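Report on the following structure.
Nothing in this text is a laboratory measurement; each read-out follows from the coordinates by a stated rule. Just so you know, these numbers come straight off a predicted model, no measurement behind them. For neighbour counting, all protein chains shown are included, and Cβ atoms are generated from backbone atoms with ideal geometry for every residue, glycine included.
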Amino acid sequence: MSEMKIPYKIYLSEDEMPKAWYNLRADMKNKPAPLLNPGTLQPMTREELDGVFCDELVKQELDDTTPYFEIPQEIRDFYKMYRPSPLVRAYCLEAALGTPAKIYYKFEGNNTSGSHKLNSAIAQAYYAKNQGLKGVTTETGAGQWGTALSMACGYLGLDCKVYMVKCSYEQKPFRREVMRVYGASVTPSPSPTTAVGRKILEKDPNTTGSLGCAISEAVEVATSTPGYRYVLGSVLNQVLLHQSIIGLESKIAMDKYGVKPDIIIGCAGGGSNLGGLIAPFMGEKLRGEADYRIIAVEPASCPSFTRGKFAYDFCDTGMVCPLAKMYTLGSGFIPSANHAGGLRYHGMSSTLSQLYHDGLMEATSVKQTDVFEAAERFARVEGILPAPESSHAIKVAIDEALKCKETGEEKTILFGLTGTGYFDLYAYEAFHDGKMSDYIPTDEEIARSLGQLPQVD
Ligand SMILES: *Cc1c(COP(=O)(O)O)cnc(C)c1O
């Protein structure tokens, strides 16, 4: 049978683009556990969540049964500025590796924020605007989410207050300036501007901050400022819902050419790009229509899936947010200075956690220097300068392709290339100068942090 020639890049026309997001939870037999009120340990009600998030987003967050949510026309129009994103057949990488595997990647770095985060940022900003709010607050680690949200808010004319993890604020001044171009205000976290920030600084004045601290500050400001709500760039069900656009587009593009992936690989920080990429494929798997091997890749320095515990935990360091049941390293866990800032979160999406717990997907962790080696190998043949986060997926995709070379299997591999690494050149510099470390937390460190988990039975 002769194979249809697959182009290097498969694009979709505007008409072929998805008109609804897919809610993976609708097809899950074991639903993700509900968020709990940290005071009462009862499931968070819609009214309680309404004080923190926009009404429409709370509805999406709590809906475990509706399979499709129509994408509002305004959001679809915004998507058209930078979507559909290309699905690339990595012919050059395949040739360089000498593998019979067929490798595809979905590239989400073609927008100024440089990552997939814009897919959810525009949705969250749109619902906030629609509700008549003045602005939103959020945290950002490496800066991609803050940049994406500033772009969305700038477009819609919403105020945007970003709490940026202090070490990134200092190490990544360019990201900060991009946010300011789009009109956001950026505060290094922890900061003396919030009660929770002052408390954290009192305990540890020299802290370089963490995502968990920044979340606590952003939530405090949102809940104490009239007309503001808090928005989050990963982890939550609503974010996975918006990110399903990645997987839906991939599936439409692959179906057009009769291609079916055997293995789907994505990096996992809070789980949003991976949850989005796998959504329609996992849906088929859950409904018993097809089978796929799905692999989450995390850094060895912050191994929530592979060394964490499946338990209720705080989403933030300040312990002001609801509890989520997830694979976690403990909300007090501060990972070593890994260069993949977007993968330094202590927890993981409850949806992906449940799927992993039920044996529907795998997880693996990789060392930082191996990741950069893979990133460079990829950049030299495919041209794109990948983000360190994305390169975790590249590393495992290359490993799987090399296994195929040994066995002669012609497997089809799909991985998510979540973004570009132009703002990560200090990391590349450290790698080139042999100054990059591979710190892996000890069992004692993880046990100590897990010892602080809240008691929920
Ligand atoms: C934020 C980010 C990630 C990790 O976040 P997820 O929610 O796990 O997808 C991965 N890659 C890039 C480029 C990011 O900006």
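Quick notes
- Taking other C-beta atoms within 10 Å as the exposure proxy, Val196, Val371, Val162 rank Val196, Val162, Val371 from fewest upward.
- Sequence-separation-based contact order of the chain, relative, with Cα cut under 8 Å and 6+ spacing, percent: 19 percent
- Cα centroid separation, the range 351-385 to the range 1-64 (Å): 22 Å
- The ranking of Leu156, Leu57, Leu385 by Cβ neighbour count inside 10 Å, starting from the fewest, reads Leu156, Leu385, Leu57.
- With Cα atoms, 0 to 90° folded angle of helix 118-130 axis to the chain main axis: 40 degrees
- Per residue, the chain reaches -12500 deg cm²/dmol at 222 nm when only DSSP H runs of four or more residues are counted, each adding -39500 (n - 2.57).
- Contact order normalised by residue count of the range 336-417, Cα under 8 Å, 6+ apart, percent: 26 percent
- Fewest-first sequence of Phe310, Phe333 by Cβ atoms within 10 Å of each Cβ: Phe310, Phe333
- Beta bridges assigned by DSSP with both partners in the chain are antiparallel in approximately 35 percent of cases.
- Taking the longest Cα principal axis of the chain as reference, the axis of helix 73-82 is set at about 60 degrees.
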